[in-house]
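Have a look at the structure below, then the notes.
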Amino acid sequence: VAALAGTPVPVARAVTMRNDDSVLGAPFQMVEFVPGRVVRHTRELEQLGDKATIEACVDALITVLADLHAVDPDEVGLGDFGKPSGYLERQVRRWGSQWDLVKRADDPCDGDVRKLHAKLTDAIPPQSKTAIVHGDYRIDNTILDAHDPTKVVAVLDWEMSTLGDPLSDAALMCVYRHPMFNLVHADAAWASDLIPSADELAEKYSRAAGQPLDHWDFYMALAYFKLAIIGAGIAYRAREGGAADVDEVGDALAPLIAAGLTALS
């Protein structure tokens, strides 16, 4: 966040960070308070204004993502923020191994999950380029201007950020538009029909970033795979915590894996 200050990417001003537990008992960071609005749910999205206002908001959000991917990591001191190559291979491997940690015993989706993982492993393309990736980009991980929802004043939640392939970042943003995201994140604004379709989001990103969507089927399939495993992980933690009703989150797994298989068919 401190490194991105002064770039076109809007971030909260970094105040301090401690990598030890001497102050709060755990490592922590602190950033400046940013006034504005966070849109998490459909009703909050509807409150932004008419269809044209919401589309202008989406355009602004996508421009910010394209601006992030245009930042030269070396120029802002983030050249060692992650490994510059092999990102896609690591992503496929990591999310495949995560499935083994969170799946139910005798999970009926296990065969399809492993089938999609094998297809992804066989289809890994050359990395489009190396950029700073956010890793979890959508409207509710940003703050919009309180008076002008077509202006993004800060991007939040950088825990998944690293150096990687920007098309994987864009594809996950598009997959969050899938209706099944509502099972992972109830009443998600980004999955609303008020948001342009995944294909339209992809086209908007490609134009904003000047980035061809080469091997796009792979990137979308990987994003579906990741979101499916994220949902399975949420269900797993709920089961481990003794939650009585986790079926709804788990219900997202099969259709998301099916969408990934369709993308690579």
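Per-structure values
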{"item": "Unmet requirement for residue 19, which otherwise passes all of (1) open to solvent by 90 Å² or more (accessible area, probe 1.4 Å); (2) in contact with a strand residue (DSSP E or B) (Cβ under 6 Å, 6 or more places away or on another chain)", "result": "(2)"}
{"item": "Residue that is least open to solvent (accessible area, probe 1.4 Å) [pool: residues in the stretch 36-68 that are outside any helix (DSSP H, G or I) and free of Cβ contacts under 8 Å to residues at least 60 places away in the same chain]", "result": "50"}
{"item": "Residue tally, condition assigned to a loop (DSSP other than H, G, I, E, B) and among the acidic types (Asp, Glu), over the stretch 107-126", "result": "1"}
{"item": "Meets criteria (in contact with a Lys or Arg (Cβ under 7 Å, 6 or more places away or on another chain) and either open to solvent by 40 Å² or more (accessible area, probe 1.4 Å) or touching a residue at least 12 places away in the same chain (Cβ under 8 Å) (or both)) for residue 5", "result": "yes"}
{"item": "Residue list for the stretch 194-223, restricted to those being open to solvent by less than 30 Å² (accessible area, probe 1.4 Å) and within 15 Å of residue 123 (Cα to Cα)", "result": "218, 219, 220, 221, 222, 223"}
{"item": "Evaluation of residue 149 against (1) in contact (Cβ under 8 Å) with a residue 12 or more places away in the chain; (2) open to solvent by 20 Å² or more (accessible area, probe 1.4 Å); (3) of a type outside the set (A, V, I, L, M) (one fails), failing number", "result": "(2)"}
{"item": "Wholly enclosed helices (runs of 4 or more DSSP H) of the stretch 175-265 bearing at least 2 residues modelled with pLDDT of 95 or more and of a type in the set (Val, Ile, Thr)", "result": "253-263"}
{"item": "So residue 155, is it buried (at least 17 other Cβ atoms within 10 Å of the Cβ) and more than 26 Å from residue 228 (Cβ to Cβ)", "result": "no"}
{"item": "Condition met for residue 162 (of a type in the set (Ser, Thr, Tyr), within 28 Å of residue 232 (Cβ to Cβ) and surrounded by fewer than 21 Cβ atoms within 10 Å (Cβ to Cβ))", "result": "yes"}
{"item": "Checklist (1) in a loop (DSSP other than H, G, I, E, B); (2) of a type in the set (Lys, Arg); (3) closer than 30 Å to residue 128 by Cβ applied to residue 104, failing item", "result": "(3)"}
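The values are calculated or read from the model by the stated rules, or taken from the named source; none is laboratory data. All values derive from a computational prediction rather than experimental measurement. For neighbour counting, all protein chains shown are included, and Cβ atoms are generated from backbone atoms with ideal geometry for every residue, glycine included. Protein only, heavy atoms only, side chains kept; ligands, DNA and RNA dropped before computing areas. Shrake-Rupley method; radii C 1.70, N 1.55, O 1.52, S 1.80 Å.
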